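Taking it in order: structure first as C-alpha cells, then the write-up.
The values are calculated or read from the model by the stated rules, or taken from the named source; none is laboratory data. Only a predicted model underlies this, so the values are computations on that prediction, with no experimental measurement involved. When we count neighbours, we look across all protein chains shown, and the Cβ atoms used for this are built from the backbone with ideal geometry, even at glycine.
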C-alpha cells in the first residue's frame, strides 16, 4: 500500500480487475468485554413520554412537560428514540424488572398517599 497526496493506492492498475476477495465483516466488530465502554454523548430529563408503534419500528418521545411558551403556543422539548419491535419489547421487560426489584428493595422514592 502506497500513500501519495492523501490518496491510498490499494491495487496495481496492471493487475487483473476480476479478482475475488472475501472479507469477514464480523471480525471487524469482535472485541474483548474489557475493551467495551459506553460513551454517553447527551443527557436529557423526561417526566413524560409518548409511544408510537408502527409496522417496522417503534418510537418513544421523551418529553419535558409542561414546556415553554413560544409564539403563543406551549412547546414541550422532546427527544425521539427509534427502535425495533424486538428491542422495544426487551426495554419494556427490563424496565419492569428493574423497577420492581428497586421498589421491593425499598430504594424507590415513595410518596405517602393523600388523605
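Does residue 83 count as surrounded by fewer than 12 Cβ atoms within 10 Å (Cβ to Cβ), closer than 16 Å to residue 50 by Cβ and without any contact (Cβ under 8 Å) to a residue 40 or more places away in the chain? Answer is no for this residue.
Can you list the strands (runs of 3 or more DSSP E) lying wholly within region 1-73 that have 1 or more residues being within 22 Å of residue 89 (Cα to Cα) and modelled with pLDDT of 95 or more?
Numbers: elements: 2-4, 7-9, 48-53, 58-70.
Per the criteria, 48-53, 58-70.
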